[in-house]
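The values are calculated or read from the model by the stated rules, or taken from the named source; none is laboratory data. Quick caveat: nothing in here was measured; it's all calculated off a predicted structure. As a convention, Cβ positions derive from the backbone with ideal geometry for all residues, glycine included, and neighbour counts pool all protein chains shown. SASA here: full protein model, heavy atoms, side chains in, ligands and nucleic acids out. Shrake-Rupley method; radii C 1.70, N 1.55, O 1.52, S 1.80 Å.
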Amino acid sequence: MRLFLICCLLSISFSASASQIALIIDDMGNTKQDAQAFTLPANVTFAILPNKPLSKTFSNRAAAQQREVILHMPMESLAGNNQEKNVLLSTMAPNQIVQTLKTALSTVPHAVGVNNHMGSRLTQLTLPMSVTMEFLSERGLFFVDSRTTRYSKAEIIAKKNGVLSTKRNVFIDHTPSLEQIDKQFNRLLSLSKKFGYAVGIAHPYPQTLEYLKTHLVTLQQHGITLVKMSDVVSSSASYAYHPKDKPEPISPAL
Ligand SMILES: [Zn+2]
């Protein structure tokens, strides 16, 4: 009986300390003001837009902080408002997709993975996603599905191609009011407690950065650890082999 109690206590304390969150700041590199994000803890990952005047500078500066960098790859959206240059489009031939990815990646040095900027159209399509994932597999890069549509096939196709992958669970500041940011941040925490890990995406808005600076330091009190994106990607990939043991966190449709 005593042994049973000790085991229970151990497993409780283990699960309490085992909750993890990974946080990505998307759309980095658009403006100089985004540099405010460099004051966030180094475990916060930066998703840097390619082909921008600040892409390389930001990537190098993040790497110097031992911060993980991922390529924030522009992909075609359903709305068709693809303002970024060199967006991956559904009309592209496979070699154009590969070339566009190569060019983008060359402007974001140190990238260890990729997530999609927009992409509600492209991530639903098997051919461009297969070409993209083959490329990522060759380069040894992981993929985080931003889940800009509930119909995204990106994660399934990534896994088929042996690409380590996971998906975004919560957008922190889709509605950038402080009230919503707080609500979504707390949602991220409760998902991580429920499933062991959760992935949040935020943007370098001044109010978001301010909020995160104050609240990320309180994670320990909640028994949650802020980890690098690659930590979650490697462990969520192993969960995939035991889908019954570990229900997948649900993603809101956007
Ligand atoms: Zn974006």
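For the stretch 175-182, does any single residue satisfy the condition of being touching a strand residue (DSSP E or B) at 6+ places or on another chain (Cβ under 7 Å), among the β-branched types (Val, Ile, Thr) and either modelled with pLDDT of 95 or more or open to solvent by 30 Å² or more (accessible area, probe 1.4 Å) (or both)?
No; the residues of the stretch 175-182 include none that is touching a strand residue (DSSP E or B) at 6+ places or on another chain (Cβ under 7 Å), among the β-branched types (Val, Ile, Thr) and either modelled with pLDDT of 95 or more or open to solvent by 30 Å² or more (accessible area, probe 1.4 Å) (or both).
Among (1) within 14 Å of the ligand (Cβ to nearest atom); (2) closer than 16 Å to MET229 by Cβ, which single condition is LYS167 missing?
LYS167 satisfies all of (1) within 14 Å of the ligand (Cβ to nearest atom); (2) closer than 16 Å to MET229 by Cβ except (1).
Give me the residue from the stretch 74-89 that is in contact with a helix residue (DSSP H, G or I) (Cβ under 6 Å, 6 or more places away or on another chain) and part of a loop (DSSP other than H, G, I, E, B) and, out of that set, most open to solvent (accessible area, probe 1.4 Å).
Applying the filter and picking the extreme gives ASN86.
Restrict the check to the stretch 137-147 and report whether at least one residue is buried (at least 23 other Cβ atoms within 10 Å of the Cβ), touching a strand residue (DSSP E or B) at 6+ places or on another chain (Cβ under 6 Å), in a helix (DSSP H, G or I) and acidic (Asp, Glu).
no
Search the stretch 17-32 for residues being more than 16 Å from the ligand (Cβ to nearest atom) and open to solvent by 10 Å² or more (accessible area, probe 1.4 Å), and hand back the single one that is modelled with the lowest pLDDT.
In this case the residue turns out to be SER17.
Restricting attention to the stretch 157-187, which residues are of a type in the set (A, V, I, L, M) and assigned to a helix (DSSP H, G or I)?
ILE157, ALA158, LEU178, ILE181
From LEU219, LEU191, which residue is over 13 Å from the mean Cα position of the chain (by Cα), closer than 22 Å to SER146 by Cβ and in contact (Cβ under 8 Å) with a residue 40 or more places away in the chain?
The conditions single out LEU191.
Quick one: in the stretch 188-213, which of the residues that are of a type in the set (Gly, Ala, Ser) and part of a helix (DSSP H, G or I) is least open to solvent (accessible area, probe 1.4 Å)?
If we take residues in the stretch 188-213 being of a type in the set (Gly, Ala, Ser) and part of a helix (DSSP H, G or I), then SER192 is least open to solvent (accessible area, probe 1.4 Å).
Across the stretch 90-115, what is the total count of residues that are open to solvent by less than 30 Å² (accessible area, probe 1.4 Å) and closer than 15 Å to PHE143 by Cβ?
Counting residues in the stretch 90-115 that are open to solvent by less than 30 Å² (accessible area, probe 1.4 Å) and closer than 15 Å to PHE143 by Cβ gives 9.
Take the residues in the stretch 103-157 that are farther than 29 Å from ALA64 by Cα and small (Gly, Ala, Ser), then tell me which one is nearest to the ligand (Cβ to nearest atom).
That would be GLY119.
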